[in-house]
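The values are calculated or read from the model by the stated rules, or taken from the named source; none is laboratory data. As the structure is a computational prediction, the values presented were derived from the model and not from experiment. Heads up, the Cβs are rebuilt from the backbone with ideal geometry, glycines too, and the neighbour counts pull from every protein chain shown.
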Amino acid sequence: MRLLFVASEAYPLIKTGGLADVAGSLPEVLRQQGMDVRLLLPAYQHVLESIEPPEFVADMEVDGTALRILATRLPGTELITWLLEHPVFSQRPGNPYHDHLGQPWPDNADRFALLSRAAAAIATGTAGLDWRPEVLHCNDWHTGLAVALTHLSEQRPRTVFTVHSLAHMGLFDRETFDRLRLPAHFWSDSALEFYNQCSFIKGGLVYADYITTVSPGYAREICEAPGGMGLEGLISQRRERLVGILNGIDNRVWNPATDPYLEHPFSPETLDAKARNKAALRASLGLAPAEDRPLVGLVGRLVEQKGLELILPVLESFLELPVQLAILGTGEPRYEQRLQAVAAAHPDAMAVVLAYDESLAHRIEAAADIFLMPSLFEPCGLNQLYSLRYGTLPLVRAVGGLADTVVDTNAQSVADGSATGFVFRRPDAGELLAAMQRAAALWYDKQSWRQVQLTAMRQDFSWQQSANRYLQLYNDTA
Ligand code: ADP
């Protein structure tokens with residue numbers, strides 16, 4: 001079966017979040033299962049600079065715009081990756097979505113409409129290529145229009161649209177809609193119009209044969225307010241076409257036994273080596289070598305979604321428990337500044353690195369005892385899955401994919417051997433603090449802690465099972 005998988009980012013070529021992890025692993029797993037897969041990505045400047053010169057595939061023209069398709073292999077895999085070259089991608093350094101001040105690129109609508117038009121042309125056989133997919137799989141708002149445009153054609157493949165996050169809907173004004181010269185009937189509540197704006201994500205939600213989200217929990221949440229963010233009416237109408245499939249993790253990239261970023265690789269059998277990673281991380285971050293307190297890690301975007309409003313009021317209470325904190329992330333300046341200020345007042349106990357640093361992310365996952373992820377909403381979340389694999393017990397809020405993947409530690413779950421982390425319910429800083437107290441207390445009970453760590457490390461979140469669910473959907477012609 002031929003599959004065109006379209007995304008705006010894919011690890012390791014270009015990554016800003018979990019979407020890249022999925023686009024960098026699921027298509028390759030599907031290829032290994034025998035599918036004929038092409039991954040289509042924009043040829044960002046950063047991507048072109050980081051690979052060997054790609055092969056020429058074809059020139060094409062969509063809607064009067066000349067484009068070129070280049071081919072490379074996704075590094076570390078055999079996956080054929082098509083790069084869509086146009087100056088709006090290839091002559092712009094930096095982040096795919098915004099400038100260095102965090103402002104969206106002013107031509108984002110045009111850029112991702114271009115990606116979508118090219119994908120739709122390939123999908124419907126009008127791109128002049130000798131390869132045409134039987135299934136088009138699009139991801140998030142950047143590719144929503146591709147689904148809508150593909151459905152204009154009678155010669156269309158089956159379509160699947162995955163929601164990695166509803167928080168970004170690709171909203172643009174009427175003027176932009178007109179400039180893009182989209183079909184007039186798309187400006188309708190039953191198509192792309194959303195409260196007098198044009199929403200690219202609706203293209204996927206309205207037209208796709210199947211909608212998937214990245215966890216069963218999130219699939220339920222987006223059928224209702226507030227999870228549906230105003231789209232709950234549309235999504236619940238399509239409930240029968242909505243499937244939650246949990247993301248897998250790339251075991252080649254996230255494996256504590258073979259992780260090249262670690263000074264001291266470890267496995268369930270050699271879990272004691274984890275402590276050496278902790279000592280190394282503390283030393284590199286300037287934290288005191290305090291053997292008597294657990295180390296809490298946090299890696300992620302420093303934005304409201306990730307629970308910063310819950311963390312900030314209780315940060316100093318965390319430190320008094322006592323725990324140490326190692327935080328890596330970038331995000332909203334107000335959160336960055338507040339975290340830095342607390343760290344400056346407690347340099348022995350708290351370190352904050354405001355950067356995007358793949359190596360440090362791996363080293364924090366390996367070194368920490370507890371991983372903090374108290375998200376307000378979380379479609380799947382990958383960091384808690386990495387944490388489980390690295391024997392770092394996740395402390396999460398019971399929402400979306402976090403609720404689906406972490407089992408709270410209590411008397412019963414310890415007794416039946418199912419506990420893997422710490423879960424609290426309400427978005428309340430007091431509840432978060434209470435969960436951290438429970439986690440810190442259990443850390444002193446070395447035997448129970450070890451048992452929960454080993455259970456966490458045994459969890460299987462590899463792609464195999466989830467890839468099979470996608471295969472079933474692709475095969476479903478109904
Ligand atoms: P989201 O996609 O909402 O950002 P996920 O938990 O699904 O959250 O995935 C985030 C991914 O991005 C993880 O692989 C995480 O390790 C990585 N990541 C986020 N921030 C950073 C950072 N500052 N440095 C390195 N990796 C990061």
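Note on the range 55-85: residues that are part of a loop (DSSP other than H, G, I, E, B) and either surrounded by fewer than 16 Cβ atoms within 10 Å (Cβ to Cβ) or not hydrophobic (A, V, I, L, M, F, W, C) (or both) amount to 6. You will find that of Leu26, Leu30, Leu39, the residue that is modelled with pLDDT of 95 or more, in contact with a helix residue (DSSP H, G or I) (Cβ under 8 Å, 6 or more places away or on another chain), within 16 Å of the ligand (Cβ to nearest atom) and within 23 Å of Tyr474 (Cβ to Cβ) is Leu26 and no other. Taking the range 411-429 as the range and being surrounded by fewer than 18 Cβ atoms within 10 Å (Cβ to Cβ) and closer than 20 Å to Met457 by Cβ as the test, the residues that pass are Ser413, Val414, Ala415, Asp416, Gly417, Ser418. The helices (runs of 4 or more DSSP H) found wholly in the range 161-226 and carrying at least 1 residues that are crowded, with 19+ Cβ neighbours inside 10 Å, in contact (Cβ under 8 Å) with a residue 24 or more places away in the chain and of a type in the set (A, V, I, L, M) occupy 200-207, 216-221. Those strands (runs of 3 or more DSSP E) of the range 281-364 that lie entirely within it include none in which at least 2 residues are without any contact (Cβ under 8 Å) to a residue 40 or more places away in the chain and more than 16 Å from the ligand (Cβ to nearest atom).
Inspection of the range 5-18 identifies at least one residue that is away from the ligand (no atom under 16 Å from the Cβ) and within 20 Å of the chain's Cα centre (by Cα). Of the residues making up the range 139-154, one or more are surrounded by 23 or more Cβ atoms within 10 Å (Cβ to Cβ), among the small types (Gly, Ala, Ser), free of Cβ contacts under 8 Å to residues at least 60 places away in the same chain and not in a strand (DSSP E or B). Just one of the listed residues (Glu263, Glu304, Glu291) is surrounded by fewer than 18 Cβ atoms within 10 Å (Cβ to Cβ) and not assigned by TED's automatic domain parsing to the domain that holds Gly381, and it is Glu263.
Residues in the range 294-323 that are within 22 Å of Pro265 (Cα to Cα) and over 23 Å from the mean Cα position of the chain (by Cα): 2 in all. Report yes if Leu402 is buried (at least 20 other Cβ atoms within 10 Å of the Cβ) and in contact with a helix residue (DSSP H, G or I) (Cβ under 7 Å, 6 or more places away or on another chain), otherwise no. When the stated conditions are applied, Leu402 passes them. Checking Thr150, Thr143 one by one, the residue that is β-branched (Val, Ile, Thr), more than 15 Å from Leu67 (Cβ to Cβ), in contact with a Gly (Cβ under 8 Å, 6 or more places away or on another chain) and in the same structural domain as Pro27 (by TED's automatic domain parsing) is Thr143 and no other.
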